[in-house]
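Worksheet: one structure, shown below.
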Amino acid sequence: MARTRKPSPFGPSREPAGQGNGRPGKPAAGQKAVGAAKPRQQQVIPDAVAGRMARRVAVATGIPTALGMAVFVVSYILVSRQVLDIPPAATLVTSGAFFLLGLVGLSYGVLSAGWEDAPGSLLGFEQIPLNLGRMRASVRAMREGGAGSGPQA
């Protein structure tokens with residue numbers, strides 16, 4: 001016997017034929033949205049923390065990504081002017097390494113931001129183990145069916 005699953009909160013709604021406006025997730029004119037009156041139990045990221053995360057992500061991702069694109073330009077200039085004979089594989093590996101570093105920078109930017117109102121250290125390395133613990137606790141809570149645990153001090 002197949003188990004029935006709870007619908008995901010971000011998936012399309014499964015309305016019976018003939019109801020709604022034909023667009024999943026949106027009520028038809030004159031219909032009230034189901035669950036619209038319920039207060040959300042999820043915690044949001046405070047503005048100060050979100051700004052800190054955005055700045056760190058922009059720097060830690062933007063610089064390596066720009067360098068990854070610059071590798072193609074510099075390589076083209078050096079090869080076309082016959083300054084150096086650079087193999088295409090070297091250009092590809094070097095730019096790929098910079099793009100991979102940008103991906104690591106994305107994770108670093110999010111995990112290194114502290115959840116306190118006051119800004120922490122410049123690089124925020126001390127926040128990474130704390131935020132990894134929070135993330136693991138949140139995933140564990142979601143697996144057990146509860147809401148995320150949110151930030152803990």
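So the values come out like this:
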{"quantity": "Val104 paired with Arg136, simple spin-label distance in nm, labels 7 Å along Cα-to-beta-carbon", "calculated": "2.1"}
{"quantity": "Taking region 47-143 and dividing mean pair separation by its residue count, relative contact order in percent (alpha carbons under 8 Å, at least six apart)", "calculated": "35"}
{"quantity": "Packing rank of 121-134, 57-70, where each peptide gets the mean count of other beta carbons within 10 Å, highest leading", "calculated": "57-70, 121-134"}
{"quantity": "Shape category assigned to region 47-143 from the gyration tensor of Cα positions, a/c cut at 1.5", "calculated": "prolate"}
{"quantity": "Cβ-defined net charge surrounding Gly133, 13 Å radius [Lys, Arg +1; Asp, Glu -1]", "calculated": "+2"}
{"quantity": "Karplus-derived 3J(HN,Hα), 6.51/-1.76/1.60, for each residue of region 79-93, Hz, glycine and proline x", "calculated": "6, 5, 8, 6, 7, 9, 9, 9, x, x, 5, 5, 5, 5, 5"}
{"quantity": "Positive dipole terminus of region 47-143, leading residue within Val71, Ser112, Pro87 (C-beta point charges)", "calculated": "Ser112"}
{"quantity": "Dipole of region 47-143, positive direction: furthest Cα of Ala97, Ala60, Ser138, with charges on the beta-carbon", "calculated": "Ser138"}
{"quantity": "Summed side-chain charge close to Asp117 - residues other than Asp117 whose Cβ falls under 14 Å, Lys, Arg +1, Asp, Glu -1", "calculated": "-1"}
{"quantity": "Label-point separation in nm, Ala97 to Ala48, each point 7 Å along Cα→Cβ", "calculated": "4.0"}
{"quantity": "Residue order, fewest to most beta carbons within 10 Å, for Arg136, Arg52", "calculated": "Arg136, Arg52"}
{"quantity": "Length released on extending from Glu116 to Val74, taking residue separation times 0.36 nm less the Cα-Cα span", "calculated": "10.9 nm"}
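None of the figures in this text is laboratory data; all of them are computed from the coordinates on show. No experiment lies behind these values; they were computed from the predicted model shown. As a convention, Cβ positions derive from the backbone with ideal geometry for all residues, glycine included, and neighbour counts pool all protein chains shown.
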